[in-house]
1. Consider the range 48-82. How many of its residues are within 13 Å of the chain's Cα centre (by Cα), outside any helix (DSSP H, G or I) and either of a type in the set (Val, Ile, Thr) or surrounded by 12 or more Cβ atoms within 10 Å (Cβ to Cβ) (or both)?
2. May I ask you to list the residues in the range 19-47 that are assigned to a helix (DSSP H, G or I), within 13 Å of the chain's Cα centre (by Cα) and surrounded by fewer than 14 Cβ atoms within 10 Å (Cβ to Cβ)?
3. Under 8 Å between Cβ atoms, which residue pairs at least 6 apart in sequence (or on different chains) link something in the range 20-34 that is modelled with pLDDT of 85 or more with a partner that is of a type in the set (A, V, I, L, M, F, W, C) and in a loop (DSSP other than H, G, I, E, B)?
Amino acid sequence: VSVCVLEANEPGWGASGRNGGQVNPTLKYDPDQLVQMYGAERAEPLINTVSNSADLVFNLIERHGIDCAPTRKGWMQVSYSEKGVAGLHARAEQWARRGV
């Protein structure tokens, strides 16, 4: 097979956030895990910042009149198997306790 990759910048430069335009206010670890890892005093400010990060992005777009097509419709987190569903429910419950 002969392959040629054409990219305007470095390979991968436009991946994910640039070409998908996603605003997903999440972290690698769930809120309860962060509290266990760092204690509530350190973890809660981080969790609050992340939970409000989408508001910041959309407020900046509005305040500065950024020419784009912002749409707030939520986001989905899915599981590839029934095994992962319990974890998704636990994550949703943790964020719901925080008003998200």
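The values are calculated or read from the model by the stated rules, or taken from the named source; none is laboratory data. Just so you know, these numbers come straight off a predicted model, no measurement behind them. Backbone-built Cβ (ideal geometry, glycine too); neighbour counts: all protein chains shown.
1. 1
2. Initially, the range 19-47 is screened for residues assigned to a helix (DSSP H, G or I), giving 19-20, 31-38, 40-47.
Next cut, within 13 Å of the chain's Cα centre (by Cα) only: 20, 47.
Answer for the range 19-47, where residues must be assigned to a helix (DSSP H, G or I), within 13 Å of the chain's Cα centre (by Cα) and surrounded by fewer than 14 Cβ atoms within 10 Å (Cβ to Cβ): just 20.
3. 34/27
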